[in-house]
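Engineer: Just dropping this structure here.
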There are 2 protein chains.
Amino acid sequence: MCQLLGMNCHLPTDISFSFSGFAKRGGQTDHHTDGFGIGFFEGRGLRLFLDDHPCAQSPVAELVRNYHIKSKNVISHIRKATQGRTSLENTHPFQRELWGGYWLFAHNGNLKSTFQPKTYYYQPVGNTDSERAFCYILDRLREQFPSKPSHVELFHALQPLCVEVQQYGMFNMILSDGEVMYAHASTLLHYIVREAPFGHAHLVDTDIEIDFSKVTTPDDRVAIITTLPLTDNETWHQFACNELAMFQDGKIILRHLPDNPTYLTIEEGLEIARKAGVCRE
Amino acid sequence: MCQLLGMNCHLPTDISFSFSGFAKRGGQTDHHTDGFGIGFFEGRGLRLFLDDHPCAQSPVAELVRNYHIKSKNVISHIRKATQGRTSLENTHPFQRELWGGYWLFAHNGNLKSTFQPKTYYYQPVGNTDSERAFCYILDRLREQFPSKPSHVELFHALQPLCVEVQQYGMFNMILSDGEVMYAHASTLLHYIVREAPFGHAHLVDTDIEIDFSKVTTPDDRVAIITTLPLTDNETWHQFACNELAMFQDGKIILRHLPDNPTYLTIEEGLEIARKAGVCRE
């Protein structure tokens, strides 16, 4: 199954710790061997590293682990190909410019091949369902708003678009304009907010522990969003099925919960992913 | 002065040799210490590395030198800031999607602040004259062609746009859609075509020599485009002032020369760049 990782922070933060565990899922502790990508917003700029080689062995991933880029918004994705060839143009996250700013998007799921929306402003470059969904969402937002609206307006415009897209299949996704981060869960998506007083964390995927109190200031606050929890000694929260949330400055600002929120167990979520063809194992 | 590097090839080629010399100009053999970028087309995909740190000391440049990415179209740029802050969003090359394909653009020059064209489809993210020019060109091409025309049609549409933009100042630029490479010279721009029988080449900026006959096949053909020649034992050709050329498969396919072509000496070109504020030395 493809896996998602997002980070939204109050202050520019180094994602190396979380990425170290996450990267192991690309060909070492899991079977996501079809490439990976990670994009860092830095001010209005965006630095996007893509590789169609397994993340665990990628020199690009090695650079990311060692370079310690600080960012307030990061999106990463490890790919297990379900639709589209394994190639660079099909590697998430995808990037476009809208209203004079960059947007970054990554998706975990599998949309039916009948999802072939017509778009005017944005066209997919590769042949994934994910890039089609990204182009469709940006197109519709641009149609509705000739210039950039508030984040709250965007949230309320995005919510029905997520409902629309997920009629075609599983739509776990992370989207960011470099200021806020939107996360939508169809099935499996978790998050954690780390803030003072900071404690210890230990990665699930590799035997690395960190004492956040030694590398943070009291003003730090960091939200991590990920398909499956990255640490085994912290409390992760699960998004409800069909929930949309907006993160800003490291915390949830807005959330849209279905009337009767449901939560899948990790096993149920993985089973659905497997049946939908998101896991080709 | 900012410096440009482009490579257009018949077969996917490793740019490491040329980049090794070029990268030295970013803070070591020259004063281009305001960041660099390099973009590689790979199939329909695009891998763009940007860094707002000096190229000569950048871990990103180190990765590029050591990773040996093979590509048929590469554009790189080393920046000496003249307009816009030194920041990631102002780092070339710039990337956009047009007609379902990625486009990459880098510029060397300085356009007057009165160059503030209105654009509909593409908006600059940073505040450089270069990104404004890129957005303007893509916008006008998109206006003229609802879907992608032939490269020849694009060449003829691009030529008057270059004339228009260079009324505002120096406009040496390289543009690619991953299939062909367009190069426009206002003042200083050189190229070389390397093909069988291949010989030795020695870099100007660092004492590295290569015997291309040992690392090529008879089918290889590589065009290198650069502000100033990269080697001291090969014959580089200079573009005429105000010339536009299109490269495909490692050779020039089309060129538009002014009626009375003129060529500046390197010293004259540098002097004009200095006066235009392209060199802040």
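Engineer: Could you check how many residues of the range A:132-148 are touching a Lys or Arg at 6+ places or on another chain (Cβ under 9 Å) and more than 24 Å from A:S113 (Cβ to Cβ)?
Structural biologist: Residues meeting the conditions: 0.
Engineer: Could I ask something else about it? Only one of A:S113, A:S147 is facing chain B (nearest Cβ under 10 Å) and either at positive phi or assigned to a loop (DSSP other than H, G, I, E, B) (or both); which?
Structural biologist: A:S147
Engineer: Something else now. For A:T187, indicate whether it is more than 29 Å from A:T119 (Cα to Cα) and part of a loop (DSSP other than H, G, I, E, B).
Structural biologist: Judged against the criteria, A:T187 is not a match.
Engineer: Let me ask another. List the number of the failed condition for B:Y122; all other conditions in (1) modelled with pLDDT of 95 or more; (2) away from chain A (no Cβ under 11 Å); (3) under 23 Å from B:M170 (Cα atoms) hold.
Structural biologist: It fails just one condition, (2).
Engineer: Which one is farthest from A:R142 (Cα to Cα) among residues in the range B:125-144 that are more than 10 Å from chain A (Cβ to nearest Cβ) and of a type in the set (A, V, I, L, M)?
Structural biologist: Result: B:A133.
Engineer: Do we have any residue at all in the range B:83-106 that's more than 14 Å from chain A (Cβ to nearest Cβ) and either farther than 30 Å from B:K24 by Cβ or of a type in the set (A, V, I, L, M) (or both)?
Structural biologist: Yes: one or more hits.
Engineer: Before we move on, is A:F212 aromatic (F, W, Y), surrounded by 15 or more Cβ atoms within 10 Å (Cβ to Cβ) and out of contact with any Ser or Thr (no Cβ under 8 Å at 6 or more places or on another chain)?
Structural biologist: Spelling it out, A:F212 is indeed aromatic (F, W, Y), surrounded by 15 or more Cβ atoms within 10 Å (Cβ to Cβ) and out of contact with any Ser or Thr (no Cβ under 8 Å at 6 or more places or on another chain).
Engineer: May I pose another question? Quick check: is even one residue across the range A:66-73 in a helix (DSSP H, G or I), among the hydroxyl-bearing types (S, T, Y) and within 10 Å of chain B (Cβ to nearest Cβ)? Don't jump to the end; show me each part of the working.
Structural biologist: Applying the first criterion (in a helix (DSSP H, G or I)) to the range A:66-73 yields A:66-67.
The next check asks that each one be among the hydroxyl-bearing types (S, T, Y); those that pass are A:67.
Still in the list and also within 10 Å of chain B (Cβ to nearest Cβ): A:67.
For the range A:66-73, residues in a helix (DSSP H, G or I), among the hydroxyl-bearing types (S, T, Y) and within 10 Å of chain B (Cβ to nearest Cβ): present.
Engineer: In the range B:57-90, what residues are modelled with pLDDT under 80 and either of a type in the set (V, I, T) or at positive phi (or both)?
Structural biologist: B:T82, B:G84, B:T86
Rundown of residues vs (1) in contact with a helix residue (DSSP H, G or I) (Cβ under 7 Å, 6 or more places away or on another chain); (2) crowded, with 19+ Cβ neighbours inside 10 Å; (3) among the acidic types (D, E); (4) under 21 Å from A:P12 (Cβ atoms), yes/no style:
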position: A:G178; (1), (2), (3), (4): no, yes, no, yes
position: A:H184; (1), (2), (3), (4): yes, yes, no, no
position: A:D207; (1), (2), (3), (4): no, no, yes, no
position: A:E234; (1), (2), (3), (4): no, no, yes, no
position: A:C241; (1), (2), (3), (4): no, yes, no, no
position: A:A245; (1), (2), (3), (4): no, yes, no, no
position: A:N260; (1), (2), (3), (4): no, no, no, no
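Engineer: Restricting to the range B:155-176, and then to whatever is free of Cβ contacts under 8 Å to residues at least 24 places away in the same chain and in a helix (DSSP H, G or I), can you tell me which residue is surrounded by the fewest Cβ atoms within 10 Å (Cβ to Cβ)?
Structural biologist: From the range B:155-176, those free of Cβ contacts under 8 Å to residues at least 24 places away in the same chain are B:156-157, B:160, B:164, B:167; that's our starting set.
Cutting the leftovers down to in a helix (DSSP H, G or I) gives us B:156-157, B:160, B:164.
Values: B:H156: 14, B:A157: 16, B:P160: 12, B:E164: 16.
Step by step, filter the range B:155-176, then rank; the result is B:P160.
Engineer: Let me ask something else. Considering the range A:116-144 alone, what residues qualify as being surrounded by fewer than 20 Cβ atoms within 10 Å (Cβ to Cβ) and in a loop (DSSP other than H, G, I, E, B)?
Structural biologist: Selection gives A:Q116, A:P117, A:K118, A:T119, A:Y120, A:Y121, A:Q123, A:N127.
The values are calculated or read from the model by the stated rules, or taken from the named source; none is laboratory data. Since the structure is predicted, the reported quantities are computational estimates derived from the model, not experimental observations. Note that we place each Cβ from the backbone using ideal geometry, even for glycine, and neighbour counts take in every protein chain shown.
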